[in-house]
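This report concerns only the one structure given below.
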Amino acid sequence: MTASTLAADVLTYPQTRKEDVVDVHHGVKIADPYRWLEDDNAAETKAWVKAQNAVTFDFLEKLPKREAIQQRLKELWNYERVGQPFERGGRWFFTHNSGLQNQAVLMTTDSLEGEAKVLLDPNAMSADGTTSLSDYEASEDGKLIAYGVSEAGSDWTTIRVRDIATGRDLDDVVKWVKFSGVSWLKDGSGFFYSRYDEPKPGAALTAKNEFHKLYFHKLGTTQSDDTLIYERKDEPKWGFGGSVTEDGEYLIIQVWLGTEPKNRVFYKKIAGDGPVVELLNDNDARYSFIDNGGPVFYFRTDLNASCFQVIAIDTRKPQRGFWRIVVPEVPKVLLEGVSTVGGQMFCEYLRDAKTEVKCFDYDGKLIRDVKLPGIGSAGGLWGHRKDTETFFTFMGFTEPGAIYRMDLKTGESRLWRKPEVKFDGAGYETKQVFFNSKDGTQVPMFIVHKKGLPLDGSNPTLLYGYGGFNINMVPGFSVSRAVWLEMGGVFAMPNLRGGGEYGREWHLAGVKLGKQNVFDDFIAAAEWLIANKYTSREKLAIQGGSNGGLLVGACMTQRPDLYAAALPAVGVLDMLRFEKFTIGWGWKSDYGTVENGAEFKALLKYSPYHNLKSGTRYPATLVLTSDHDDRVVPAHSFKFAARLQEAQAKDGPPTLIRIETSAGHGAGTALNKTIEKTADEWAFLVRVLGMKD
């Protein structure tokens, strides 16, 4: 069967009931015939999910290449993976996956040269491997570890405490935690965390998340006795993250409003019952706390520095006139992150989306440029002030993440762990090109493919993008993509506006009324790949998840002629109702809101769900979502898929929806589910792109 014969009428889709629901926004009537699919608890919705999955999996399971792809994915994923180690109280901790374990296991050892033992194994916490560790932090003396557990991919977390020596849990249990870290007091007597109130029965996965609260839990007490540290009854949308400084003197409170690219920072002295001090309360920039030297706090900020700089604020003289620039901004080079260890400050830069690292002292004097193994992405370089060494990871598109050990005195690094993967990256090349978007803006794009690739327009190509929320797309190894490359596929990833690769202005050029720039960038990337003979319209697939799912949905509705296939995953696809569910309201900083007339007009113009037109020939589409996604609720994908099936031209290719069970937005997904999903995606592309079976 060829792509041209995969007509929609070969498949019989479930009938999706339509109802007469109309909203009025700014005088404009908007029909929403599939509103009923928003109720994920309704029997009718569950029956629809079951019926859709029956059609989808019947189609996928018959694809001849699917089993072979799944076996290759298993083979390639079956390699030992070790996380970057960290130390507490003379004890070391690191994650470990022997190969095909659904979840990584947290290990501990007295010496990195010695044998490690299992401390936390989430694989033993559920029969199907869908329980994951969402967060964990050891006490400073290395005797206890507080760890969060997430069920079936949900953002909701339950925190427990384990005695490391005995491996037994204490009686402490903290529930309804979300968007929180865990930060211990220096003496290990308790920890800070953030939570929402318990939702009403049946509403945990859809109800709005409001009135975040910062608490302190004292060991040996019940959660009902926890101390409320900070809340704002007048600000239901504010969120709080509490962290204790390394010296144990201060509690730093990061205050956030959804995904807004600005924040506030408050602090409280740990000793005594002092007040919360509103140090940075103007909400005029991003401020990330780095470290402190007594009362002097160090921050990474984009205040008067689009690409970020490091500043110092003496809390005894907090007025702006006393602020000091420690590491000034480097124009057009993003200061992506700053970490400290051994009294040194490591600044991680992105130059055209590739990592460079420089080491400074706390006065901003350059100590050295850090030598990296090549062109790619680095991370880590953190620890304690007393440390004499640190670790960092480094990876590229065809090189798995190796871990290096660095001597802080000399700056010399040596390989600590390198995974053995049954994939020969030497047979592939990575290049970076620059293309012009619709308005003339120059946009970079990474392209990865087999060496000696013929540029004759015949190559199956996967164009992947995100373009939002200041998130950077950088080189990284992926088993899924490695298999795609082995299959003869080209992988392309542009750094779209809306991301943060070139600082604040690059991000803001792709938000609200400028969101169309992101789609224009992605469309221009597709056109460049075709014009330069990497691929053709008949061989081009587009892929993205979450905000990237919106990207795919918008681009396939705006230019259905440009691609042969689309894979929108856990996407934000109904732009008129995203703010009504869970944390969706927090995305208004990027998307805008229907409450604003101009923003409503822009949202309606690109909302994928609302821009599907009957009788249009859309690309072969596999919509992907999960039943426990409480970040981007599955109703987005349900409604979009129903309307897409209705709108697709009679002779058009398949439009299917794959709904994963006991999984969420992506984090913590069991490996076996990831392998199955990827096999389905690649087998779908083999068929609809006409790749060799």
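Details
- Cα centroid separation, the range 526-594 to the range 295-327 (Å): 38
- Spatially close Lys pairs in the range 554-658, defined by Cα atoms under 20 Å apart and a spacing of eight or more places or different chains, total 12.
- Cα gyration tensor category, rounded, prolate or oblate, for the range 554-610 with a/c compared to 1.5: oblate
- Straight-distance candidates among the lysines for linking to Lys269, with alpha-carbon spacing under 27 Å and chain neighbours fewer than 8 residues away dropped: Lys143, Lys175, Lys178, Lys186, Lys213, Lys218, Lys233, Lys237, Lys317, Lys386.
- In plain terms, the chain from Thr158 to Lys269 could stretch by 37.2 nm, reckoned as 0.36 nm per residue minus the Cα-Cα distance.
- Local electrostatic count at Val277 - Lys and Arg +1, Asp and Glu -1, tallied over other residues with Cβ under 9 Å: +1
- For a label point 7 Å along the Cα-to-beta-carbon line of Ser224, residues of the range 157-175 with backbone N under 16 Å: 172-175
- Here the Karplus curve 6.51 cos²θ - 1.76 cosθ + 1.60, taken at θ = phi - 60°, turns the phi angles of the range 463-471 into couplings of 9, 10, x, 9, x, x, 6, 6, 8 Hz, with x standing for Gly and Pro.
- Solvent exposure of the chain as accessible area per residue, Å², 1.4 Å probe: 40
- Sites Asp121 and Leu366, calculated FRET efficiency, Cβ-Cβ separation with R0 51 Å, nearest 0.05: 0.70
- Amide H contacts under 5 Å for Asn102: Leu671, restricted to partners 5 or more places along the chain or on a different chain, H placed in the peptide plane at 1.01 Å from N.
- Computed 3J(HN,Hα) for the range 435-443, one whole-Hz value per residue from the Karplus formula 6.51 cos²θ - 1.76 cosθ + 1.60 where θ = phi - 60°, is 10, 9, 7, 4, 8, x, 5, 7, 10, glycine and proline marked x.
- Secondary structure note: in the chain, about 85% of the DSSP beta bridges are antiparallel.
- Label-to-label distance, Asn41 versus Ser288, with points set 7 angstrom from Cα along the beta-carbon direction: 3.9 nm.
- Solvent-accessible area, 1.4 Å probe, carbon plus sulfur percent, for the chain: 50
- With the simple model of a label 7 Å out from the Cα in the direction of the Cβ, Glu67 to Asn281 spans 6.7 nm.
- Separation of the range 237-288 from the range 329-375 is 25 Å, based on Cα centroids.
- Taken about its Cα centre, the chain carries a charge dipole of roughly 1300 debye when the Cβ of each Lys and Arg holds +1 and the Cβ of each Asp and Glu holds -1.
The values are calculated or read from the model by the stated rules, or taken from the named source; none is laboratory data. None of the values given here were measured: they were computed from a predicted structure. When we count neighbours, we look across all protein chains shown, and the Cβ atoms used for this are built from the backbone with ideal geometry, even at glycine. When the accessible area is computed, the model is the full protein with side chains, heavy atoms only, and any ligands, DNA or RNA have been set aside. Shrake-Rupley method; radii C 1.70, N 1.55, O 1.52, S 1.80 Å.
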